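Below is one structure; the comments refer to it alone.
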Amino acid sequence: MLTKPKGTYDILPGESQKWAKLEQVFRRVCEIANYEEIRTPIFEQYETFHRDQTDSSDMVNKETYDFIDRGERKMTLRPEGTAGCVRAYVENKLYASNKISKLFYFGPMFRYERPQKGRYRQFYQFGLEAYGPKSALLDVDIISTAILLFKAIGLNKLRVRINTLGDKESRDKYREVLVNYFTKNIDYLCADCKDRLNKNPLRILDCKVDKDSEVLKKAPCISDYLNEESKAHFKEVIDSLDRLGISYVLDPHLVRGLDYYSDTVFEIEYLSDVLGNQNVICAGGRYNNLVKELGGPDIPGVGLAFGMDRILLALENENIKIVKDKELHFFLITLGNLAKEEGQKLIYDARLRGFKCDMSYQGQSLKAQFKEADYNNSLFTLILGDDEIANNNINVKNNQTKTQETVKLNELFDYLLSKINNCANCGGKCHEKSTN
Ligand code: ATP
Ligand code: MG
C-alpha cells in the first residue's frame, strides 16, 4: 500500500471544512485591514532562499527541500513565504507605485524537520507582508492585524513576546559582546551553538537545546547596546501597542530563527503545554535589508507568518468550534424508478435555487436510504414514491420536530423556505438561507 510521505498528513472531510473556514476568516480580516493577496510559486530558484547572509539559519542549512530539475536548474521548495514575496515584489516592481504594499499569502511550506505534534514537513502558513518607508506604526499594523485574527476566531490564551534587534550598528556592537560572553562560557554550549558562535552568535539565544541553561538566561541583552535611532523606533512600537491596548511582554532575549531580521521581532505563543516546543503560533518582525538584498531598492519590510496547523490544534484543545456540523437543508429518499428519475430533477432544481440538498443513489432499499439520510444530517427528509408523483405530492419529514406532512410538489420550495426561515431553534439564522 502506498502511504503519505513522513511528516505530511491528509486533510480529510470533516477536517477540511475547518481549514477552509480558517482561511476564510483570515481573508476577511485581511480585507478589513487592507492587505491584498499575492500568490507566488511553491518552488523558487535555490538562491532565493540560500543567500550569503543566511548561512547560519537552521532552516536554510538543514531543512530545505532542494532539487535539480530536468533542465539542470537548482530549485528549492519554499520553506517560508517572505523570500518569495520579496522576490516577486522586486521582480514585478511593485515598489514603483510609491505606496506601501500590504500583502498576504496562504499556502504550504516545506521543511525537512523531525516530525512531531505541530511540526511537519509540509505545513501551512498564512502570512502578512508590508513594504514601505520604515514606520513603527506599520510594525504595529502587522501585529494588531494578528490580534484581530485571533479575536475573530475566539482564541485568547495568548501572549505576545516582543523585542528589538536594533539596526546594524547596534547589532554589530551587541554581537561583539555576545561573542566575548559565549566564548568565556563555551563549555556550556551545545555543539550547534559552538558552531553558531562564529557565524551568528545571536542565534544561540534561539537554541531549543540550551534554552533553559543559566548561561543563556544570564546572557547580555541587546537593550543595553541600542543606538538612539533603534531605541526610538522600538519605543514608538511599544507606545503604539499601549495606545491600542494590546498587551505584550518584553523579552530581551527573543531573536528569530531567520537571519534577515532587524529592529522589531515578535512571537505570539499559545499558552498551553499541549504543543510543547511548538506553542509559537505566529511570528514575525522587521527586515530592513531584504528587498535590497534581493536586487530591489532600499525599501524596508515587516511581516509575520501564522502556523495554521498549530492554530487548529490550539482551537481543538480549547474546544472552539469554528465550523458548524455539516447540515443539508434536505435529503431525498425515493421509492421506485420513476421517483428516482423525477427526484434527480427535483434535486437539480432545488440546487439551482440554493438549497443544500442531496438524494440517495442507493438501490431500492428504504433502510439503506434512511441510513444515508441520517449520515447526511439534514433539516428535512423528503420521501418521493411513484404514487406521490401521480398525485403531484411529496412527503416532508421535519427532522427537528419529527413530524411529517404531505406537500404539493409545486409548493415544495416555498414550504421549505418558510420552515427554514421560521425555524423554531434559530429563526433561520443558523441555516444558510436559499440564495433567492
Ligand atoms: P520553530 O521555532 O517552532 O521551529 P520557526 O521560528 O522555525 O518555528 P517561522 O519560520 O517563524 O518558525 O514560521 C512561522 C510559524 O510557522 C511558526 O511560528 C509556526 O507556527 C509555524 N511553523 C514553522 N515551522 C513549522 C513546521 N515544521 N510545522 C508546522 N508549523 C510550523
Ligand atoms: Mg523552525
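Which of the following residues is modelled with pLDDT of 90 or more, touching a Pro at 6+ places or on another chain (Cβ under 9 Å), aromatic (F, W, Y) and on the phi < 0 side of the Ramachandran plot: Y248, Y181? So that I can check it myself, show each step before the final result.
Working: Y248 fails: touching a Pro at 6+ places or on another chain (Cβ under 9 Å).
Of the residues listed, the single one that is modelled with pLDDT of 90 or more, touching a Pro at 6+ places or on another chain (Cβ under 9 Å), aromatic (F, W, Y) and on the phi < 0 side of the Ramachandran plot is Y181.
Within the range 43-83, can you find the residues that are in contact with a strand residue (DSSP E or B) (Cβ under 8 Å, 6 or more places away or on another chain) and polar (S, T, N, Q)?
Matches in the range 43-83: Q45, T48, T64, T76, T82.
Given the conditions (1) of a type in the set (S, T, N, Q); (2) part of a strand (DSSP E or B); (3) modelled with pLDDT under 95, which single one is not true for T381?
That leaves (3) as the condition not met.
Quick test of your reading of the structure: A136 fulfils all but one of (1) of a type outside the set (V, I, T); (2) in contact with a strand residue (DSSP E or B) (Cβ under 7 Å, 6 or more places away or on another chain); (3) at pLDDT 95 or above. Name the failing condition by number.
The failed condition is (2).
For the range 44-85, how many residues are within 17 Å of F106 (Cβ to Cβ) and of a type outside the set (D, E, K, R)?
The qualifying residues number 7.
For the range 339-386, how many residues are of a type in the set (K, R), free of Cβ contacts under 8 Å to residues at least 12 places away in the same chain and in contact with a helix residue (DSSP H, G or I) (Cβ under 8 Å, 6 or more places away or on another chain)?
Count: 0.
Could you list all residues from the range 390-408 that are of a type in the set (S, T, Y) and farther than 21 Å from L338 by Cβ? Don't jump to the end; show me each part of the working.
Keep residues of the range 390-408 that are of a type in the set (S, T, Y), which gives 401, 403, 406.
T401, T403 - these are the residues of the range 390-408 that are of a type in the set (S, T, Y) and farther than 21 Å from L338 by Cβ.
For the range 159-169, give me each residue that is more than 16 Å from Y287 (Cβ to Cβ) and buried (at least 17 other Cβ atoms within 10 Å of the Cβ). Give the derivation first.
Quick first cut of the range 159-169, residues more than 16 Å from Y287 (Cβ to Cβ) only: 159-161, 169.
Selection gives V160, R161.
When the range 25-77 is examined, which residues are found to be within 16 Å of ligand 2 (Cβ to nearest atom) and small (G, A, S)?
S56, S57
Considering only the range 31-46, state which residues are in contact (Cβ under 8 Å) with a residue 24 or more places away in the chain and not hydroxyl-bearing (S, T, Y). Before you say what the answer is, go through the steps one by one.
As a first pass, look at the range 31-46 and keep what is in contact (Cβ under 8 Å) with a residue 24 or more places away in the chain: 32-46.
Answer for the range 31-46, where residues must be in contact (Cβ under 8 Å) with a residue 24 or more places away in the chain and not hydroxyl-bearing (S, T, Y): I32, A33, N34, E36, E37, I38, R39, P41, I42, F43, E44, Q45.
Checking G7 against (1) surrounded by 15 or more Cβ atoms within 10 Å (Cβ to Cβ); (2) assigned to a helix (DSSP H, G or I); (3) not polar (S, T, N, Q), which test does it fail?
Here G7 meets the rest and fails (2).
With the structure loaded, tell me whether Y112 is within 16 Å of ligand 1 (Cβ to nearest atom) and surrounded by fewer than 18 Cβ atoms within 10 Å (Cβ to Cβ) or whether it fails that test. Before the answer, list the steps.
On the way: within 16 Å of ligand 1 (Cβ to nearest atom): yes; surrounded by fewer than 18 Cβ atoms within 10 Å (Cβ to Cβ): yes.
So Y112 passes the test.
Any residue at all in the range 83-103 that is over 30 Å from E316 (Cα atoms), hydroxyl-bearing (S, T, Y), loosely packed, with under 15 Cβ neighbours inside 10 Å and assigned by TED's automatic domain parsing to the domain that holds C282? Don't jump to the end; show me each part of the working.
Keep residues of the range 83-103 that are over 30 Å from E316 (Cα atoms), which gives 83-102.
Okay, now just the ones that are also hydroxyl-bearing (S, T, Y), so 89, 95, 97, 101.
Pick out the ones that are also loosely packed, with under 15 Cβ neighbours inside 10 Å and you get 97.
The next check asks that each one be assigned by TED's automatic domain parsing to the domain that holds C282; those that pass are 97.
Taking every residue of the range 83-103 in turn, at least one turns out to be over 30 Å from E316 (Cα atoms), hydroxyl-bearing (S, T, Y), loosely packed, with under 15 Cβ neighbours inside 10 Å and assigned by TED's automatic domain parsing to the domain that holds C282.
Could you list, in sequence order, the residues of the range 116-157 that are within 16 Å of ligand 1 (Cβ to nearest atom) and among the small types (G, A, S)?
Passing the criteria: G118, G127, A146.
Where residues in the range 194-225 are more than 14 Å from V255 (Cβ to Cβ) and either at pLDDT 90 or above or assigned to a loop (DSSP other than H, G, I, E, B) (or both), which of them is nearest to ligand 2 (Cβ to nearest atom)?
Looking at residues that are more than 14 Å from V255 (Cβ to Cβ) and either at pLDDT 90 or above or assigned to a loop (DSSP other than H, G, I, E, B) (or both), I get V209.
Would you say G296 is more than 26 Å from I222 (Cβ to Cβ), touching a residue at least 24 places away in the same chain (Cβ under 8 Å), within 16 Å of ligand 2 (Cβ to nearest atom) and in the same structural domain as V249 (by TED's automatic domain parsing)?
When the stated conditions are applied, G296 does not pass them.
Does I222 count as more than 23 Å from V140 (Cα to Cα), among the aliphatic types (A, V, I, L, M) and either without any contact (Cβ under 8 Å) to a residue 40 or more places away in the chain or away from ligand 1 (no atom under 16 Å from the Cβ) (or both)?
Values: more than 23 Å from V140 (Cα to Cα): no; among the aliphatic types (A, V, I, L, M): yes; either without any contact (Cβ under 8 Å) to a residue 40 or more places away in the chain or away from ligand 1 (no atom under 16 Å from the Cβ) (or both): yes.
Spelling it out, it is not the case that I222 is more than 23 Å from V140 (Cα to Cα), among the aliphatic types (A, V, I, L, M) and either without any contact (Cβ under 8 Å) to a residue 40 or more places away in the chain or away from ligand 1 (no atom under 16 Å from the Cβ) (or both).
The values are calculated or read from the model by the stated rules, or taken from the named source; none is laboratory data. As the structure is a computational prediction, the values presented were derived from the model and not from experiment. Glycine gets a Cβ as well: all are built from the backbone with ideal geometry, and neighbour counts include every protein chain shown.
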